[in-house]
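Each reported figure results from applying straightforward, stated rules to the coordinates on display, with no laboratory input. Quick caveat: nothing in here was measured; it's all calculated off a predicted structure. Heads up, the Cβs are rebuilt from the backbone with ideal geometry, glycines too, and the neighbour counts pull from every protein chain shown.
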Amino acid sequence: MAILQIALDVPLPRLFDYQIALDPGVSLRGRLVKVPFGPSLKIGVVVAEAEVSDQPADKLKTAELLDDLPALPADWLELCIFCARYYHYPLGQVMAFALPPLLRRGKMPRIPKAKPCAVLPPPTFAAATPDQATAIAAITGAGGFKTFLLHGVTGSGKTEVYLRAIEAVLAAGGQALMLVPEIALTPQLESRVSARFPGAYVVSAHSGVADAARARAFLAALEGRADIVLGTRLSVFMPLPRLKLIVVDEEHDASFKQQEGLRYSARDIAIFRARQCDIPIVLGSATPSLESFHHATSGRYCKLDLPLRAVAAAMPTVATVDTRKQKLQDGLSAELISAISERLQRGEQSLVFLNRRGYAPVLACPACGWISRCRRCAANLVLHLADRRLRCHHCGLEMAIPRACPDCGNLDLQPFGRGTQKLEEKLAELFPAARILRIDRDSADTPKKWQTLLAAIHAGEVDVLVGTQMLAKGHDFPNLTLVGAVGADAALFAADFRAPERLFSQLMQVGGRSGRAQLPGAVLIQTEYPQHPLYRALIDHDYTAFAHEQLAEREAAGFPPFAFQALLRAEAHELAQALEFLATAVDAAERLASVDIVLYDPVPMRMARLKNRERAQLLAESHNRPALHAFLAAWMAALHALKTPRELRWHLDIDPQEL
Ligand code: ADP
Ligand code: ZN
Ligand code: ZN
């Protein structure tokens, strides 16, 4: 009787042995089974088969094969196994995450009868530019695993390169996987892909897709019926038997790294997959992550450049406005105000970018010093005047605005600082005749609202846009000729060493919204540090100079990509408990006597309290990735064996993006 080794969705880094009543005579690897586990039944995946078990035969329970569910392919199992090993996360939980919810519960979606595809003539397109042609030839001629970094400014025709490479793959009978940051924000891309390949079966995969549709998409991919999978980070786990190309658009985007549960980087997993399938992968960006740029300059990745915009539009002119020398009107400089006013006279659109939503970041009492704090987090409650609430942006706690100071009864509470709502109010006051539209996660909190707002912008019903980075993502606003950035300086001196990289990329992206069609664009950045190298590089459109400067700083400081990091985080009701666990973890690590590993002291997280839990962290670092992972494997085994208080929770974050 065969023993099945089964991965189950439980937080234990091991497989579980079961027997099967009837030996089917064929391998059951990759099959889904239902098994008794404790008092309940669980769905699991058969990962391996064995002749014998460590468990006595009479203790082995029996697994039931789920006959109508297809087997998961071997390379999908390998992908999950790699992920479990690299992120030191239980395999059963990796698989539970990678499977669509319906299959995870052992259910099969109803599959509608496929309707025959209309055979349409392929649409015709303009010839590729010489730079595009070089890139397309390199990708289609790769002949196996190769990582390309496609570096091209906004509008340089990167998407066009992806589409032509995908076209070649489809013509050869292959499947393509295209990962994008947030599909809800880029409906234009979905329609562009479908329009380009009218005969192809294009599957969308993102968190907005309902359970049944998600399971159907998974099966269509697994059975090889889907030609193109277009999706967010989750779709990196789609089984694709004929996979011949992977594209990661906006590869620098932070949303490719999941920040909870399985803390994986979809970009990094995608690169593993390309190697596994021996196929090319294209990472595209106007502002590549410094990790990818470093690999491209050191020769590990092949760099492809699109330095010019595809259609004859010049890059916008970028300038700084020195705000030290003037009194601002609610954060707006005279230069920015007069630039907006010029656009209004010419009937063109302007955009004011401020990456802080709400009316003001805090409400305060000038009489006694009271400020609006969240009682569950180490954070302020943000004032939202649009719906008259105080709201915590970290835990969602909200309340009505108090009429008087809760501490001293003073009736004159004052907002401090500014957010998008306040800017909107000020712009309306300065330009009473202008049509002003605010776009942030409050005004566009559903994909539907977002579509409506976008349609209004495109229909020319808006003169001035105010918004957060939501506006920076892949949209063409042909009539937009001015972008003003307000409050950018805050990120220059932030504690996180990645803050300048994010700021540069945001400003470059949001600036790229301006002057996309026939009208020249301008970008004005308000700053107290007009000589800062980051802004100088933006003025020169010189990502490369910025990247080299940042990489030199990182190398001197020994930060990634010159070191590999893992972060052990712990949280508990009391900070002392979290720190004590981390101190025990340090002891355990020291007993492992690992060379090449640097362990930093346990410290409270920068925002120590979140949702009433106190959080602390411990950084482990090494210049040697295999050494780090060997250490982590042994360390995790030791930590899993520890008895910890019930309310203490901990997790490991590999290649953390936020320290
Ligand atoms: P990116 O993805 O780099 O922002 P896109 O691929 O979206 O750039 O191209 C920007 C614009 O230029 C699009 O409107 C696209 O249709 C157009 N375009 C791209 N390549 C060409 C080309 N070779 N000839 C003419 N127009 C092009
Ligand atoms: Zn008071
Ligand atoms: Zn809170």
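Data table
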quantity	calculated
Shape box of region 230-285 [Cα atoms, principal axes, largest first, Å]	30, 25, 19
Proximal lysines to Lys61, defined as alpha-carbon separation beneath 19 angstrom and excluding residues fewer than eight positions away on the same chain	Lys34, Lys42
Aspartates and glutamates with Cα under 12 Å of Lys422, excluding same-chain neighbours fewer than 8 positions away	Asp330
Using alpha-carbon coordinates, inclination of helix 158-171 to the longest axis of the chain, degrees	30
Simple Cβ-charge dipole of region 505-659, Lys/Arg +1 and Asp/Glu -1, about Cα centre, in debye nearest 20	620
Over 24 Å [Cα-Cα, region 277-411], rounded percent	63
Cβ-based charge dipole, the chain, positive-most Cα from Leu575, Ile539, Pro288	Leu575
Percentage, to the nearest whole number, of Cα pairs in region 131-209 over 15 Å apart	61
Mean-position separation - Cα centroids, region 540-582 and region 408-480, in angstrom	33
Alpha-carbon Rg with Dmax, taken over region 506-659, Å	21.2, 66
Beta bridge orientation in region 158-291: antiparallel %, DSSP, nearest 5	5
Contact order relative to length of region 202-361, as percent, for alpha carbon pairs under 8 angstrom and 6 or more apart	14
Surface/4 estimate of mean projected area, convex hull on alpha-carbon atoms of region 123-280, nm²	9.1
Reachable aspartates and glutamates, given that their alpha-carbon falls under 20 Å from the alpha-carbon of Lys257 and they are not under 8 places away in the same chain	Glu182, Asp249, Asp268, Glu291, Asp496, Glu501, Glu621, Asp653, Asp655, Glu658
Cα-Cα P(r), region 298-374, percent of pairs per 10 Å interval	11, 24, 26, 20, 14, 4, 0
Region 1-148 - Rg and Dmax from Cα coordinates, angstrom	21.6, 70
Rg and Dmax of region 461-506, Cα atoms only, in Å	13.0, 40
Part-to-part distance (alpha-carbon centres) for region 1-58 and region 306-323, which is given in Å	59
Crossing angle, helix 130-140 versus the chain [Cα axis fit, 0-90 degrees, rounded to tens]	10
Stokes-Einstein D (µm²/s) once Rh is taken as the Kirkwood radius of region 421-500 over alpha-carbon pairs, at 37 °C in 0.692 mPa s	232
Cβ-placed point charges (K, R +1; D, E -1), dipole of region 377-514 about Cα centre in debye, nearest 20	220
Measure of compaction for region 239-324 (Cα Rg per 2.2 N^0.38 Å)	1.41
Separation in nanometres of the label points that stand 7 Å from Cα toward Cβ, at Thr584 and Ala254	3.2
Among Phe559, Thr134, Val203 - extreme Cα towards positive end, dipole of the chain, charges at beta-carbon	Val203
Relative contact order for region 598-645, counting Cα pairs under 8 Å that sit 6 or more residues apart, in percent	30
Charged-residue dipole, Cβ positions (Lys, Arg, Asp, Glu), the chain about Cα centre, Debye nearest 20	1400
Projected area averaged over orientations for region 453-542, convex hull of C-alpha atoms, nm²	6.2
Total formal charge among the other residues, if their Cβ is under 13 angstrom from that of Gln531, Lys/Arg +1 and Asp/Glu -1	-1
Charge dipole (region 347-456, unit charges on Cβ, about Cα centre) - positive-most of Cys377, Gln451, Leu413	Cys377
Degrees between helix 575-591 axis and first principal axis of the chain (Cα, 0 to 90, nearest 10)	50
Rg(Cα) / (2.2 N^0.38 Å) computed for the chain, rounded to two decimals	1.04
Cut-off of 10 Å, at most 14 other beta carbons, DSSP loop: longest stretch of the chain lacking such GluC sites (Glu not before Pro)	261-460
Beta bridges by DSSP in the chain, antiparallel share as percent, to the nearest 5	50
Burial ordering of Phe237, Phe497, fewest other beta-carbon atoms within 10 Å first	Phe497, Phe237
